[in-house]
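Throughout, read-outs are computed from the coordinates displayed, never taken from laboratory work. Computed from a prediction, not measured in an experiment: that's the story for all the values here. For neighbour counting, all protein chains shown are included, and Cβ atoms are generated from backbone atoms with ideal geometry for every residue, glycine included.
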Amino acid sequence: MIKAINVLLNIVKMFMLLVCFVGSFYIIVNMYRRLDKNLVDSIKNFIPFVFLFIMFSINFILKQKAVTQNIFYNLTCFLGLGVILFAIYRTLFDKNMIVMLRMGYNINFNYFADMIAPMKVILYGLSVSNILLILSETKIFDKLLPNLLDEENK
């Protein structure tokens with residue numbers, strides 16, 4: 001059962017990452033156009049998406065079992081990307097936000113601007129945990145830990 005859930009979550013997390021990227025790109029392009037800012041300045045907002053996509057691709061191509069068969073990581077990716085999707089949904093479609101109605105843009109840029117920092121934290125956190133899971137599979141911690149314990153005992 002867990003194996004089937006892992007396969008499903010692996011597929012869904014890749015799809016969710018692409019939807020999050022496209023939604024964020026759409027909102028940020030409109031926000032920068034409204035502010036008459038250069039779109040090149042927004043690249044720093046998309047680096048975590050690209051980095052996580054590269055990590056997911058490496059996991060898929062190299063069949064990293066420590067990552068792809070870890071139910072907790074896959075569930076965390078699902079929930080983290082779900083939070084980002086919820087923020088994108090509220091930015092675009094929530095008609096109960098007063099700022100959206102008063103500004104007349106039909107997108108609540110203020111809400112999304114407040115959500116950019118937590119979104120980056122989620123994406124960078126998923127990337128770092130992915131790297132740590134890959135390193136745990138290579139047994140690098142088993143080699144480092146005994147040396148650290150020996151140094152503490154001296």
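The table that follows gives values for the structure above.
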read-out	value
Residue-wise HN-Hα coupling along segment 82-93, computed from phi with Karplus coefficients 6.51, -1.76, 1.60 (Hz; x: Gly, Pro)	x, 5, 5, 4, 5, 5, 5, 4, 5, 5, 8, 10
Gap separating the Cα centres of segment 1-29 and segment 57-75, nearest whole Å	14 Å
Order of Tyr124, Tyr73, Tyr89 under a 10 Å beta carbon neighbour criterion, fewest first	Tyr89, Tyr124, Tyr73
Non-local Lys pairs in segment 1-75, i.e. 8 or more apart or on different chains, that have alpha carbons under 25 Å apart	6
Fewest-first sequence of Ile27, Ile47 by Cβ atoms within 10 Å of each Cβ	Ile47, Ile27
Residue-span extension gain [Phe72 to Val7] - 0.36 nm each, minus C-alpha spacing	22.1 nm
Where labels lie 7 Å past Cα in the beta-carbon direction, separation of Ile61 and Lys120 in nm	2.7 nm
